1. Pick from Arg221, Arg205, Arg229: which is in contact with an Asp or Glu (Cβ under 7 Å, 6 or more places away or on another chain), assigned to a loop (DSSP other than H, G, I, E, B) and surrounded by fewer than 24 Cβ atoms within 10 Å (Cβ to Cβ)?
2. Looking only at region 242-267, count every residue that is modelled with pLDDT under 95 and under 18 Å from the mean Cα position of the chain (by Cα) and tell me the total.
3. Tell me, which residue of region 92-134 that is over 16 Å from the mean Cα position of the chain (by Cα) and of a type outside the set (S, T, N, Q) is nearest to the ligand (Cβ to nearest atom)?
4. So which of Glu83, Glu137, Glu71 ends up being more than 13 Å from the ligand (Cβ to nearest atom), part of a loop (DSSP other than H, G, I, E, B) and at pLDDT 90 or above?
5. Within region 190-226, track down each residue that is more than 14 Å from the ligand (Cβ to nearest atom), farther than 30 Å from Ala272 by Cα and within 18 Å of the chain's Cα centre (by Cα).
6. Among the residues of region 175-195, is there at least one that is over 17 Å from Phe20 (Cα atoms), in a loop (DSSP other than H, G, I, E, B) and open to solvent by 30 Å² or more (accessible area, probe 1.4 Å)?
7. Please count how many residues of region 140-176 are within 16 Å of the ligand (Cβ to nearest atom), aliphatic (A, V, I, L, M) and at pLDDT 90 or above.
Amino acid sequence: MPGGLSEAQIETYGRDGMVFPLDAFTPAEAARYRADLERCCAEGERPVSGAGIRQPSTRVKSYLLFPWAAELVRHPAILDAVESVIGPDILVFHNTIWWKKAGSAGIVPWHQDGTYFGLAPYEHVTAWVALSPSSLESGCVEVVPGSHLGGQRAHRDRKDPNIMLSRGQSVAEAVDEAVAVPMPLAPGQFSLHHTMVLHASRPNRSTEDRIGIGISYIPTRVRHIGETRLSASLVRGEDRYGHFAMEPRPVAEADAAARAAHAEALERFWRASEAIPEMALVH
Ligand SMILES: O=C(O)CCC(=O)C(=O)O
């Protein structure tokens with residue numbers, strides 16, 4: 001692993017459950033990815049058909065539809081950092097595009113990602129990659145350092161149209177926001193956060209869209225606890241466990257093969273969510 005985190009950064013991640021800012025792309029590369037994302041993922045976040053049937057969204061598991069997204073989730077600088085915390089055998093399990101429009105009241109309430117993914121053990125790490133400036137003013141991700149060490153907390157669904165999570169998933173207990181740490185990022189930078197760390201984000205009070213992509217990485221030893229065999233993409237190392245069906249990398253942008261692979265992966269995800277209700281429309 002040529003790059004990766006320093007000893008001090010690894011220590012920070014272990015203690016705080018997050019580390020930032022880390023550098024992935026040059027501003028020019030970030031601008032290119034942003035243009036690709038805006039071209040490909042401008043549709044609404046979670047389209048639902050007239051019959052109430054969920055439609056595959058380009059904003060989740062985008063790396064199965066678009067070669068640029070497949071390249072982004074395999075970026076060596078991101079994988080080197082991820083390898084520093086979960087080891088060399090790495091799967092991408094999911095991604096979510098977080099597009100908070102300029103002036104948007106959209107918020108993400110305090111939550112732990114691990115509540116909703118059905119993965120064990122809790123080794124999942126999210127790389128949140130900024131493709132626009134992400135500041136306190138534009139509603140960057142904030143975390144409660146060290147909260148990952150307190151284990152799984154109770155969550156409930158909150159009804160609020162401004163909540164960007166599908167069901168308003170939110171930790172049940174009050175969070176002391178005075179100890180929260182914002183993670184501002186420049187385009188091309190990223191943060192890592194642990195699956196058990198409490199995190200949230202506020203409205204975008206700036207005049208620019210805040211655009212990021214959250215990529216869920218797991219070591220190959222992690223398994224899904226449900227009956228349905230989910231899929232994932234091996235992006236580094238070797239899979240000696242076979243806990244997940246392997247996903248194909250897209251060759252051409254959203255062609256028939258890519259759309260079929262994307263639909264199949266999401267179908268598995270939705271089927272799993274019938275047995276594990278917490279997974280329903282996660283992120
Ligand atoms: O982008 C946001 O505001 C929230 C991101 C988040 O919850 C995540 O990446 O897990």
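The values are calculated or read from the model by the stated rules, or taken from the named source; none is laboratory data. Note that the coordinates shown come from a computational prediction; the quantities given were computed from them, not determined experimentally. Glycine also receives a Cβ, built like all others from the backbone with ideal geometry; neighbour counts cover every protein chain displayed. The accessibility values were calculated without ligands, DNA or RNA, using every heavy atom of the protein model including side chains. Shrake-Rupley method; radii C 1.70, N 1.55, O 1.52, S 1.80 Å.
1. Numbers: Arg221 fails: in contact with an Asp or Glu (Cβ under 7 Å, 6 or more places away or on another chain); Arg229 fails: in contact with an Asp or Glu (Cβ under 7 Å, 6 or more places away or on another chain).
Criteria check complete, one pass: Arg205.
2. 1
3. Gly106
4. Details: Glu83 fails: part of a loop (DSSP other than H, G, I, E, B); Glu71 fails: part of a loop (DSSP other than H, G, I, E, B).
Being more than 13 Å from the ligand (Cβ to nearest atom), part of a loop (DSSP other than H, G, I, E, B) and at pLDDT 90 or above holds for just one of Glu83, Glu137, Glu71, which is Glu137.
5. None; the set is empty.
6. yes
7. Looking only at that region, the number is 3.
Here's the yes/no breakdown for (1) open to solvent by less than 10 Å² (accessible area, probe 1.4 Å); (2) farther than 23 Å from Pro21 by Cα; (3) out of contact with any strand residue (DSSP E or B) (no Cβ under 6 Å at 6 or more places or on another chain):
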position	(1), (2), (3)
His94	yes, no, no
Trp98	no, no, no
Leu136	no, no, no
Gly151	no, yes, yes
